[in-house]
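Let me begin by presenting the structure, written as structure tokens, before commenting on it.
The values are calculated or read from the model by the stated rules, or taken from the named source; none is laboratory data. Remember, predicted model here, so these are calculated numbers, not experimental data. Cβ atoms come from the backbone with ideal geometry, glycine included; neighbour counts cover every protein chain shown.
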């Protein structure tokens with residue numbers, strides 16, 4: 001599928017270079033710009049151009065951002081709960097117990113396999129590009145970009161805070177405050193491939209939270225991620241003494257008869273559409289296992 005960015009040069013970019021327009025107004029990442037240039041995909045009035053070529057008012061600049069790569073992910077039919085789709089993005093509600101990406105020993109039953117099958121059925125030549133990532137046992141909303149260009153635009157929104165992610169979690173105990181901010185750096189635990197820890201020499205991680213409901217033993221939290229470190233929510237709340245219910249990696253007190261995963265669901269995502277700049281908002285209802293848990297813990301009627 002051919003996808004073209006088209007820009008008619010105005011006074012602002014009259015006399016500017018192709019690179020200045022591409023990296024500025026069009027927000028093409030350095031990596032993608034280099035690939036477009038090397039593959040002759042940048043043109044002025046239909047003629048392949050260089051990064052240093054000067055633009056004139058009313059020139060028609062185009063960048064062909066069609067996929068360069070072929071995916072090595074095997075398409076596999078797995079039903080998808082699609083919340084939204086257009087030419088630029090796909091938004092799905094990921095169930096628990098599904099990995100986002102293939103890994104050793106699991107090459108066929110991931111979200112990536114399901115999405116690649118969906119793309120194949122739609123006749124799209126795509127590469128799987130998840131914008132936000134969820135742990136295997138975390139349920140909720142995932143946004144998939146259909147091109148490298150769109151992925152880079154949405155990644156910038158994550159960095160700027162315009163891409164807003166809200167989670168609902170059940171934790172052990174009562175938090176010290178009804179709302180707050182956890183601003184503690186996280187790094188990989190020494191000699192562990194999976195586990196993360198709070199550490200002064202880690203990368204900054206910021207988590208906002210509000211208590212929605214609580215009793216003497218458990219709390220329901222509304223959580224907003226300001227950064228996206230691996231296991232961020234799980235690590236932060238374990239560190240402050242309120243580990244997630246069902247989190248067998250970071251919490252010793254669990255009852256797998258109530259739920260056999262961490263009680264964490266990405267229920268709302270808001271961001272600006274990368275092309276139209278219209279604000280989009282999506283909500284995914286709580287999965288059945290979390291509903292049952294809340295009722296069992298007397299946190300839902």
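Listed here are the residues, each with its yes/no results for (1) in the same structural domain as residue 196 (by TED's automatic domain parsing); (2) farther than 18 Å from residue 176 by Cβ; (3) part of a loop (DSSP other than H, G, I, E, B); (4) free of Cβ contacts under 8 Å to residues at least 60 places away in the same chain.
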{"position": "222", "(1), (2), (3), (4)": "yes, no, no, yes"}
{"position": "229", "(1), (2), (3), (4)": "yes, yes, yes, yes"}
{"position": "236", "(1), (2), (3), (4)": "yes, no, no, yes"}
{"position": "249", "(1), (2), (3), (4)": "yes, yes, yes, yes"}
{"position": "262", "(1), (2), (3), (4)": "yes, yes, yes, no"}
Can you name the number of the only condition in (1) surrounded by fewer than 20 Cβ atoms within 10 Å (Cβ to Cβ); (2) in contact (Cβ under 8 Å) with a residue 60 or more places away in the chain; (3) over 25 Å from residue 106 (Cα atoms) that residue 124 fails? (3)
Out of 80, 111, which single residue is touching a strand residue (DSSP E or B) at 6+ places or on another chain (Cβ under 9 Å) and over 19 Å from residue 147 (Cα atoms)? 80
In the list 219, 238, which residue meets the criterion of being surrounded by 21 or more Cβ atoms within 10 Å (Cβ to Cβ), within 11 Å of residue 299 (Cβ to Cβ) and in contact with a strand residue (DSSP E or B) (Cβ under 8 Å, 6 or more places away or on another chain)? 219
Identify, by number, the condition in (1) over 30 Å from residue 147 (Cα atoms); (2) under 24 Å from the mean Cα position of the chain (by Cα) that residue 230 doesn't meet. (1)
Just the residues that are more than 30 Å from residue 273 (Cα to Cα) and either surrounded by 13 or more Cβ atoms within 10 Å (Cβ to Cβ) or in contact with a helix residue (DSSP H, G or I) (Cβ under 6 Å, 6 or more places away or on another chain) (or both), please, taken from region 148-177. 170, 171, 172, 173, 174, 175
Filtered residue count, region 248-290, keeping only those that are within 19 Å of residue 211 (Cβ to Cβ) and at pLDDT 95 or above: 9
For region 179-201, the count of residues that are surrounded by 13 or more Cβ atoms within 10 Å (Cβ to Cβ), touching a residue at least 24 places away in the same chain (Cβ under 8 Å) and in a loop (DSSP other than H, G, I, E, B) equals 2
Only listed residue being without any contact (Cβ under 8 Å) to a residue 12 or more places away in the chain, out of contact with any strand residue (DSSP E or B) (no Cβ under 9 Å at 6 or more places or on another chain) and closer than 30 Å to residue 89 by Cα, chosen from 288, 256: 288
